[in-house]
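Contents: one structure, followed by commentary.
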Amino acid sequence: MDKKTLEFVTFCISKLSILLKLPQKEIYTRLKSSGILYEYIVPSYDVLHTFSSRYLMEDLTEYMREKGVL
């Protein structure tokens, strides 16, 4: 994972933590265990990083619900 992708992942975890009022460690665990982190966020970085923060959070929380981790 390159530096830009790592920074983006960190941003996503931080924003989701604030939005969902859960610790960052818990967000990371849920994203990793569901496959969202390494099967969606990391490979889709080129597209996802162009989204607004609001849209990105909506997209990720919806996907977390679909995967059963929210």
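Derivation of every value follows stated rules applied to the coordinates shown; laboratory data play no part. Predicted model only: the values in this text are computed from it and were never measured.
Relative contact order for the stretch 3-67: what percent, with Cα pairs under 8 Å and sequence separation of 6 or more?
About 35 percent, as a whole number.
In the set (1) 41, 22, 21; (2) 50, 18, 15; (3) 26, 23, 21, which value of Cα extents along the principal axes in Å was calculated from the structure you see?
Recomputing Cα extents along the principal axes in Å here picks out (3).
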